[in-house]
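As structure tokens, the structure follows; a few thoughts come after it.
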Amino acid sequence: MINSILIVDDSDTARMFVQRCLEAIGFAEAEFTTATDGKEAITSLKENPVDLVISDLTMPNMDGEQLLKRIKSSPKLCDIPVAIISSAGNPAKEIELSNMGAVGVLAKPFSPAELYQLLLPFMETQ
Amino acid sequence: MNERILEHIQLAAAKTIESMAFAEVYPAEKAIDYSNSDSITVHLEVLEPYNGSLGMRCSSSFITSIAENLFALPAQEITSKQLTDLLNEIINTIAGSFLSAALPSDVSFKLSLPMPGLDENQHDDLNMCVWDFNGEEGDFTLYGAGELIEKL
């Protein structure tokens, strides 16, 4: 059950767009927190673990790949599903991120329907 | 104009605006005249695999309308920072979508951060492409120039 979601992106617009999509596909009642880069996300997660992380790939300080690595290597955080959003079509990178434990990689621009398909396995108990 | 590039840029623009603004866009039949409206511009550089730039011009009302829907705020409460951030996100997404489609799947690309204004070198570029779009939220124009356009 997804009750809390962390959205990580250095763009206000992108964070707002992701939140709007999540609200549209059934997560309107979830508690949303945000971070502007991976470093801020880790700090947030240490204090307040969530049920789902959605992170942009390209960010300053700590990017989405490094964030994913940190989360998956942490005993406390490793079970949190992480979805990555990428603006650069790079199939090899997408496979690499999936092998690192990302539940999926979405390419921008994506629609709420595409986000829904990605998160469907986590929604079946919503 | 290279028909393949045209098709890819039109699809990238349509997908981006439709997903972010839930508004349809379509290629304009004639060039858009911005002389009677406030317009705002942004561009980014394509660094790899080819050099070039992609830019965008739109009316202030176009970007404000999208921002109102996205941020769920009335126009007067939307800051210029939010408008700039939104325009940056749009050009970045259009560029990424365009290059993902136009390049072979085993070729990665690198973009600069978006910058205000249009690339000053573009207007001297004989290969500069201009693509105009009409849409439910208003009109906008995309510009492409450099080695990028020659080699795609």
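Can you check how the C-alpha radius of gyration of the stretch B:56-127 compares to 2.2 N^0.38 Å, as a plain ratio?
1.35
Can you name the helices of chain B, as whole DSSP H runs, whose Cα span along the helix axis is 27 Å or more and whose Kyte-Doolittle mean is not below -1.0?
The qualifying helices are B:80-102.
Full extension from B:Glu18 to B:Asp132: what is 0.36 nm times the residue separation minus their Cα-Cα distance, to one decimal in nm?
Working it through step by step, the gained length comes to 39.4 nm.
Contour minus end-to-end for A:Ser98 and A:Ala24, with contour as 0.36 nm per residue of separation and end-to-end as the Cα-Cα distance? Present the calculation step by step, with values, prior to reporting the outcome.
Values: separation 74, 0.36 × 74 = 26.64 nm, distance 2.53 nm.
Roughly 24.1 nm would be gained on extension.
Assigning unit charges at the beta carbon (Lys, Arg +1; Asp, Glu -1) and nothing else, what dipole magnitude in debye, to the nearest 20, does chain A show about its Cα centre?
280
Restricting attention to the stretch A:18-69, which GluC sites (Glu not before Pro) occupy a DSSP loop and are surrounded by at most 13 other Cβ atoms within 10 Å?
The qualifying sites are A:Glu29.
Along its three principal axes, how long is the stretch B:1-83 when you only count alpha carbons? Whole Å, largest extent first please.
Cα extents, longest axis first: 41, 30, 28 Å.
Hey, got a sec? Which trypsin sites (Lys or Arg not before Pro) in the stretch A:42-82 land in a DSSP loop and have at most 15 other Cβ atoms within 10 Å?
Here the sparse-neighbourhood loop sites are A:Lys76.
Using the charge dipole of the protein assembly as shown (Lys, Arg: +1 at Cβ; Asp, Glu: -1 at Cβ; taken about the Cα centre), state which of A:Leu97, B:Ile149, B:Ser53 has its Cα farthest towards the positive end.
A:Leu97
Give, rounded to the nearest 20 debye, the magnitude of the charge dipole that chain B has about its Cα centre when Lys and Arg contribute +1 at Cβ and Asp and Glu contribute -1 at Cβ.
Charge dipole of chain B: 220 debye, to the nearest 20.
As a test of the formula, what do you get for chain B when each DSSP H run with n ≥ 4 contributes -39,500 (n - 2.57) and the sum is divided by the residue count, at 222 nm and rounded to the nearest 500 deg cm²/dmol?
Working: 4 runs with 59 residues, N = 152.
Value at 222 nm, helices only: -12500 deg cm²/dmol.
Can you count the Lys pairs in the protein assembly as shown with C-alpha separation below 19 Å, eight or more apart or on different chains?
Summing the qualifying lysine pairs gives 13.
Would you mind ranking B:Cys58, A:Cys21 by Cβ crowding within 10 Å, fewest neighbours first?
On the way: B:Cys58 29, A:Cys21 22.
The fewest-first ordering by Cβ neighbours comes to A:Cys21, B:Cys58.
Can you give the translational diffusion coefficient of the stretch B:1-43 in µm²/s, computed by Stokes-Einstein from the Kirkwood radius over Cα pairs at 25 °C and 0.890 mPa s?
200
Enumerate the amide H contacts of B:Leu152 below 5 Å, restricted to partners 5 or more residues apart or on another chain; note that Pro and chain-start residues carry no placed amide H.
none
What FRET efficiency, computed as 1/(1 + (r/R0)^6) with R0 = 41 Å and r the Cβ-Cβ distance, is obtained for A:Lys76 and B:Ser80, rounded to the nearest 0.05?
Step by step, r from the Cβ atoms, then E = 0.50.
Using the Karplus equation 6.51 cos²θ - 1.76 cosθ + 1.60 (θ = phi - 60°), what ³J(HN,Hα) coupling, rounded to whole Hz, does each residue of the stretch A:33-47 give in order, writing x for Gly and Pro?
10, 9, 9, 9, 7, x, 5, 5, 5, 5, 4, 5, 5, 5, 8
Within the stretch B:1-104, which trypsin sites (Lys or Arg not before Pro) sit in a loop by DSSP and count at most 15 neighbouring Cβ atoms inside 10 Å? Display every interim value, and only then the final one.
Numbers: sites: B:Arg4, B:Lys15, B:Lys30, B:Arg57, B:Lys81; in loops: B:Lys30.
When the trypsin sites (Lys or Arg not before Pro) of the stretch B:1-104 are filtered for loop state and at most 15 Cβ neighbours within 10 Å, B:Lys30 remain.
With N set to the residue count of the stretch A:1-116, report its C-alpha Rg divided by 2.2 N^0.38 Å to two decimal places.
Rounded to two decimals, the normalised Rg is 0.95.
Show that you can apply the helix-only estimate: for chain A, add -39,500 (n - 2.57) for every DSSP H stretch of four or more residues, divide by all residues, and state [θ] at 222 nm to the nearest 500.
Taken over chain A, the calculation gives -12000 deg cm²/dmol.
Using modelled backbone amide H atoms (1.01 Å from N, in-plane), which distant-in-sequence or interchain residues come within less than 5 Å of A:Glu31's amide H?
A:Ser4, A:Ile5
Binning every alpha carbon pair distance of the protein assembly as shown at 5 Å from zero, what are the percents per bin?
With 5 Å bins starting at 0, P(r) equals 1, 6, 12, 17, 18, 16, 13, 9, 5, 2, 1, 0.
Quick one: net charge around A:Lys46, please, counting Lys, Arg +1 and Asp, Glu -1 for every other residue with C-beta under 14 Å from its C-beta.
The answer is +1.
None of the figures in this text is laboratory data; all of them are computed from the coordinates on show. Just so it is clear, the model here is predicted, and its values are computed rather than measured. FYI the Cβ positions are ideal-geometry reconstructions off the backbone, even for glycines, and counts take in every protein chain you see.
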